[in-house]
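In what follows, a structure is listed as structure tokens, so that the remarks can point back to it.
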Amino acid sequence: MIPSKAEVNLHVSRVLREARGDAADPAAHVPPPVRASWLRSLGLYNLDPARTGRPRILEHRAICERRERLEQLLQLARRDMGDLHGRLQASGYCVLMTDADGATIDFRGVRSLDRELQSFGMRSGTCWSEQDEGTGAIGIALAERMPIMVHKEQHFRAHNIGMSCNAAPIFAPDSSILAILNATSFSGSNSHDSHLVYHMVVRSAAAIENALFADHFKHAWIVSLADADGGEFEERLVAFEESGAVIGANAAARRYLGGVDVDAQQDIGALFDQSSHDLIRFAHRHPGWNASLRCHANGLVLKGRLRAPARKEQRVYLPPESPVTLGDLTVRDERLVRVAQQLKRIADHRIPILLLGETGCGKEVFARAIHRQSRRRSKPFVALNCAALPEGLIESELFGYHGGAFTGARAQGEKGKIQQAAGGTLFLDEIGDMPLALQTRLLRVLSEGELLPLGASQPTRVDLHVVCATHRDLEARVDEGAFRQDLFFRLNAATFHLPALRERTDRRELIQQIFDEECVRQDRPGTLLAAETLDGLCAYAWPGNVRELRNVLGYALALCDEGCMLTPELLPAGIGESAATRGGGNAPRPRGGRSLSSVRAKQRATQEDDRNRIVDALKTTRWHMAHAATLLGVSRTTLFRKIRRYGILAARRD
């Protein structure tokens, strides 16, 4: 496979003779694209055809970055590349795809020829552009924007004259070159076989290009054009909007139809004798049928197969997350005020923060507030509970993996939580339960800013802020040998203790604040918290802390009628009994010192007024629920709920 010295000298003299324009050997025909490439290789890139050695190969990190940029293309091309490789590998052909710079991003080899292929640099990351290797199928396909076959001595470098290469460009929907598909053999294939492989490569590249086109315009109408006398579909594709504006056409359609001006948003009716309205109506009335179209450019009659737009995903509106800050979390507890002040000072420094506290005391809420307080607030906040994942999964979940790293791994690999949080904040909850083996790798992330995904050979740089939390005693875990001492010292520099709810001096105000928040969340305006209920809630030990408090108040509000008083009997067993005992049997008194009887009288009057307004609205709209809800300024769900609560019957619609 490697040429002899005599073969090298003969090839070099031939290339130089062609470049000088000397009389060529009539038996050695050099196609014009190849001759033009030889001239560029010599005059523009100053390459030496006698240079020995393998091609330039990119570093692993650069290969990964290029693959990530073309991840969608690689996914769409996987089936066609696999089919092409399956049909050619028995003949000694390897199949590869490069990006628009000529760098190999996917390679399918031949197992029996691994050593020979490696000696010629046939692998991922190899650069095959004209600037790197001179004349070759990939280099010409990039430079001339056309498919090409370059056979043996037509290559520029003598090192490559044993190869027979077939390449075809893959165009993006905007007509720019996205990639090159190539099949290469080192066997002495004859001219007929080489031309057959060439056409297979061209068809596979077109299939990949069309799959990319269809995916890019999946929310538009696409018409596939074929000759009326039985030509194949999926060759010429035109995408247009419901309005008729043409928004895309693949290379085959542009060549066939002539003046397709995508940028001008010309109407589909300017290309064919049918409007978009006619075509869409035909597709609805005759699904699966072929429409007959006359092309204005050449007068030929074509058959067109229409594909309807894919439904766009229904986006569920979620209200924006409340921008809770560190100051919002302290209320009036002096210890938490000091903690918040210190956290504000270090939020923008890359110092690992460790939050200690009992389960449910709000460690993740504080971590999110730290993130919002920092300059990283517009970047991701990624949380991982180290105790909630099986030990066998936490490594891949945290550090990610490369394709094929283990059985069941996704072919394209997966980013871990650390990479997902790049530029932002990574929150590791229950850090005290992280497996010992992973603590070493986390220490490297904290100290060096590098991570090594499973199956990777080169580390990846990451910039993030790490916030950890645990309810465990880490010093005791270190003494037990369950937590690395060096990692503990790394985290212990910025350690903050969050008090339990029962220890907070502002728990009365905090309980009232959370009650008000739950009233808003459940749409319960006017509902009050009885004084003895608040007293009992303050006296309760709250082993589950703030999380338990929210659940209790949410449960009690669900049982409480809107606008009424939340009394101890509505609380869960145990908590309600504590509140009743705390109240000592005295009549509950709401905030502000008003008597309960006066509050209840006002509530009854408010409810009666509300009921009358609803009845009037229903009568005005002749019991049309949607119109009545609009008139009242409420949702239909709220209207139905109030009709049931107030016992409003629609037996007679006056």
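The values are calculated or read from the model by the stated rules, or taken from the named source; none is laboratory data. Remember, predicted model here, so these are calculated numbers, not experimental data. Here the Cβ is made from the backbone with ideal geometry for all residues, glycine too, and neighbour counts use every protein chain on show. Keep in mind that these areas ignore ligands, DNA and RNA; they rest on the heavy atoms of the full protein, side chains included. Shrake-Rupley method; radii C 1.70, N 1.55, O 1.52, S 1.80 Å.
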| field | Subset of segment 134-147 (residues that are within 36 Å of the chain's Cα centre (by Cα) and open to solvent by less than 40 Å² (accessible area, probe 1.4 Å)) | value | ALA137, ILE138, GLY139, ILE140, ALA141, LEU142
| All but one of (1) closer than 16 Å to HIS159 by Cβ; (2) in contact with a strand residue (DSSP E or B) (Cβ under 9 Å, 6 or more places away or on another chain); (3) surrounded by fewer than 23 Cβ atoms within 10 Å (Cβ to Cβ) hold for THR126; which doesn't? | (3)
| task | Identify the single condition in (1) under 22 Å from the mean Cα position of the chain (by Cα); (2) modelled with pLDDT under 80 that ARG376 does not satisfy, given that it satisfies every other one. | result | (2)
| message | So, in segment 401-417, exactly how many residues are at pLDDT 80 or above and open to solvent by less than 60 Å² (accessible area, probe 1.4 Å)? | response | 2
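Would you please name the residue that is farthest from LEU436 (Cα to Cα), looking only at residues in segment 463-477 that are of a type in the set (A, V, I, L, M) and surrounded by 17 or more Cβ atoms within 10 Å (Cβ to Cβ)? Can you show your working first?
Going residue by residue through segment 463-477, those that are of a type in the set (A, V, I, L, M) are 464, 466-467, 469, 474, 476.
So of that shortlist, the ones also surrounded by 17 or more Cβ atoms within 10 Å (Cβ to Cβ) come out as 464, 466-467, 469, 474.
Values: LEU464: 22, VAL466: 18, VAL467: 18, ALA469: 16, LEU474: 13 Å.
Checking each candidate, the answer is LEU464.
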| query | Is it the case that segment 449-461 has a residue that's without any contact (Cβ under 8 Å) to a residue 60 or more places away in the chain, surrounded by fewer than 19 Cβ atoms within 10 Å (Cβ to Cβ) and in contact with a Cys (Cβ under 9 Å, 6 or more places away or on another chain)? | reply | no
| Test for VAL197: is it of a type in the set (A, V, I, L, M), over 31 Å from the mean Cα position of the chain (by Cα) and under 25 Å from LEU74 (Cα atoms) | yes
| said: Just checking, does segment 423-437 include any residue being open to solvent by less than 20 Å² (accessible area, probe 1.4 Å), among the small types (Gly, Ala, Ser) and either farther than 17 Å from VAL382 by Cα or touching a helix residue (DSSP H, G or I) at 6+ places or on another chain (Cβ under 8 Å) (or both)? | reply: yes
| request: Might you let me know whether segment 643-654 holds any residue that is assigned to a helix (DSSP H, G or I), modelled with pLDDT of 75 or more and open to solvent by 50 Å² or more (accessible area, probe 1.4 Å)? | output: no
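Are any residues in segment 513-524 of a type in the set (A, V, I, L, M, F, W, C) and open to solvent by less than 50 Å² (accessible area, probe 1.4 Å), and if so, which ones? Give the steps one after another, and end with the answer.
To start, the set of residues in segment 513-524 that are of a type in the set (A, V, I, L, M, F, W, C) comprises 514-515, 519-520.
Matches in segment 513-524: ILE514, PHE515, CYS519.
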| query | Taking ALA253 and the conditions (1) under 23 Å from ASN290 (Cα atoms); (2) open to solvent by 50 Å² or more (accessible area, probe 1.4 Å), which numbered condition does it fall short on, given that it satisfies the others? | reply | (2)
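Of all residues in segment 485-524, count the ones that are among the β-branched types (Val, Ile, Thr) and over 38 Å from the mean Cα position of the chain (by Cα).
First pass over segment 485-524, keeping only residues among the β-branched types (Val, Ile, Thr): 495, 505, 511, 514, 520.
Checking which are over 38 Å from the mean Cα position of the chain (by Cα) leaves us with 505, 511.
Qualifying residue count, segment 485-524: 2.
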| note | Inside segment 63-100, the number of residues satisfying the requirement of being among the charged types (D, E, K, R) and in contact with a Lys or Arg (Cβ under 8 Å, 6 or more places away or on another chain) is 1
| note | Residues of segment 342-361 being surrounded by fewer than 22 Cβ atoms within 10 Å (Cβ to Cβ) and farther than 21 Å from ALA493 by Cα, in sequence order, are THR359, GLY360
| query | What is the residue count in segment 525-575 for residues that are surrounded by 18 or more Cβ atoms within 10 Å (Cβ to Cβ), in a loop (DSSP other than H, G, I, E, B) and within 44 Å of the chain's Cα centre (by Cα)? | reply | 5
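Are any residues in segment 52-66 within 30 Å of GLU153 (Cβ to Cβ) and surrounded by 13 or more Cβ atoms within 10 Å (Cβ to Cβ), and if so, which ones? It would help to see each step written out before you state the result.
Filtering segment 52-66 for residues within 30 Å of GLU153 (Cβ to Cβ) gives 52-58.
Within segment 52-66, ARG54, PRO55, ARG56, ILE57, LEU58 qualify.
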| field | Considering residues of segment 480-499 that are at pLDDT 90 or above and farther than 20 Å from LEU446 by Cα only, the residue most open to solvent (accessible area, probe 1.4 Å) | value | HIS497
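Going by the conditions given, is ASP80 of a type in the set (Asp, Glu), open to solvent by less than 50 Å² (accessible area, probe 1.4 Å), in contact (Cβ under 8 Å) with a residue 12 or more places away in the chain and under 18 Å from HIS199 (Cα atoms)? Please lay out each step first, then the result.
Details: of a type in the set (Asp, Glu): yes; open to solvent by less than 50 Å² (accessible area, probe 1.4 Å): yes; in contact (Cβ under 8 Å) with a residue 12 or more places away in the chain: yes; under 18 Å from HIS199 (Cα atoms): yes.
Taking the combined requirement at face value, the residue satisfies it.
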| Going through segment 162-181 one residue at a time, which ones are in contact (Cβ under 8 Å) with a residue 40 or more places away in the chain and under 24 Å from HIS85 (Cβ atoms)? | GLY162, MET163, ILE170, PHE171, ALA172, ILE177, LEU178, ALA179, ILE180, LEU181
